[in-house]
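The values are calculated or read from the model by the stated rules, or taken from the named source; none is laboratory data. As the structure is a computational prediction, the values presented were derived from the model and not from experiment. All Cβ positions, glycine included, derive from the backbone under ideal geometry; neighbour counts span all protein chains shown.
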Amino acid sequence: MKPAGDAQLEVRPETRKLTEILRAFPRERGYLIPILQEIQEQHGYLSKESIMATAEHLDLPSSKIFGVATFYNQFKLVPPGRYRVQICRGTACHVRGSFNLLESLETELGIKAGETARDGVFSLETVACMGACSIAPVVAVNGEFFGRLDRKKLLKIIAEYRAREEETKAPEEEAHA
Ligand code: FES
């Protein structure tokens with residue numbers, strides 16, 4: 001027989017993963033940045049819950065962790081979009097017009113670099129050289145690379161992801177109708 005209140009003891013998958021991540025690191029303050037990097041790598045961002053858990057693990061005030069997370073712009077405090085758009089700002093991409101592409105993306109998606117759209121569909125990031133300079137300028141969407149881009153090609157790619165999103169939404173809406 002299950003003990004009373006057993007449901008409360010159940011650990012949600014994300015929490016379990018977080019616990020596993022933390023368990024892999026010694027409880028030493030010098031591990032703060034590697035821990036945050038690992039959580040972000042696994043979860044895509046630093047949730048409030050993960051910051052509180054890290055604070056407890058390292059016996060540090062959560063305000064200190066928030067301070068570090070906001071100081072380094074590698075850390076994100078909001079979840080990435082379902083389509084994570086990354087534009088390379090490395091030298092090769094820069095000289096081939098990545099700045100103009102970034103402006104086009106910001107206009108098209110209605111968000112600035114580092115933000116996630118309110119509907120959670122797209123997020124936009126600038127990243128350092130993605131190691132694909134020969135096909136600069138490069139944009140990646142959920143890890144899929146697109147190279148030798150100009151504005152027209154880029155907007156077509158975004159339109160395709162939008163259409164994909166609409167397709168996945170349509171059956172869900174029918175199911176709820
Ligand atoms: S500079 Fe953009 S891929 Fe290398």
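Of all the residues in the range 65-78, those that are of a type outside the set (A, V, I, L, M, F, W, C) and surrounded by 15 or more Cβ atoms within 10 Å (Cβ to Cβ) number 1.
Looking across the range 52-99, just one residue is within 16 Å of the ligand (Cβ to nearest atom) and at positive phi, and that is GLY97. Candidates in the range 105-126 are the residues that are free of Cβ contacts under 8 Å to residues at least 24 places away in the same chain and of a type in the set (Asp, Glu); of these, the one that is farthest from the ligand (Cβ to nearest atom) is ASP119. Here LEU102 fulfils each of the conditions (1) at pLDDT 95 or above; (2) away from the ligand (no atom under 16 Å from the Cβ) apart from (2).
If you filter the range 132-143 down to residues that are more than 24 Å from LEU77 (Cβ to Cβ) and not aliphatic (A, V, I, L, M), you find that the one that is nearest to the ligand (Cβ to nearest atom) is CYS133. Of all residues in the range 36-50, those being surrounded by fewer than 20 Cβ atoms within 10 Å (Cβ to Cβ) and assigned to a helix (DSSP H, G or I) number 8. Of all residue pairs spaced 6 or more apart or on separate chains, those with beta-carbon atoms under 6 Å, a first member in the range 18-32 that is part of a helix (DSSP H, G or I) and a second member that is among the β-branched types (Val, Ile, Thr) are ILE21/ILE39.
Every condition in (1) within 16 Å of the ligand (Cβ to nearest atom); (2) surrounded by fewer than 17 Cβ atoms within 10 Å (Cβ to Cβ); (3) at negative phi; (4) under 17 Å from the mean Cα position of the chain (by Cα) holds for CYS129 except the one numbered (4). Residues in the range 63-96 that are closer than 18 Å to ILE157 by Cα and part of a loop (DSSP other than H, G, I, E, B): GLY81, ARG82. Among the residues of the range 97-112, the one identified as more than 19 Å from TYR161 (Cβ to Cβ) and either part of a loop (DSSP other than H, G, I, E, B) or basic (Lys, Arg) (or both) is GLY97. Residues being aromatic (Phe, Trp, Tyr) and in contact (Cβ under 8 Å) with a residue 60 or more places away in the chain: count how many of those fall in the range 79-99. Of the residues in that region, 1 qualify.
The residues in the range 62-96 that are out of contact with any strand residue (DSSP E or B) (no Cβ under 7 Å at 6 or more places or on another chain) and under 23 Å from GLU160 (Cα atoms) can be counted, and the count is 2.
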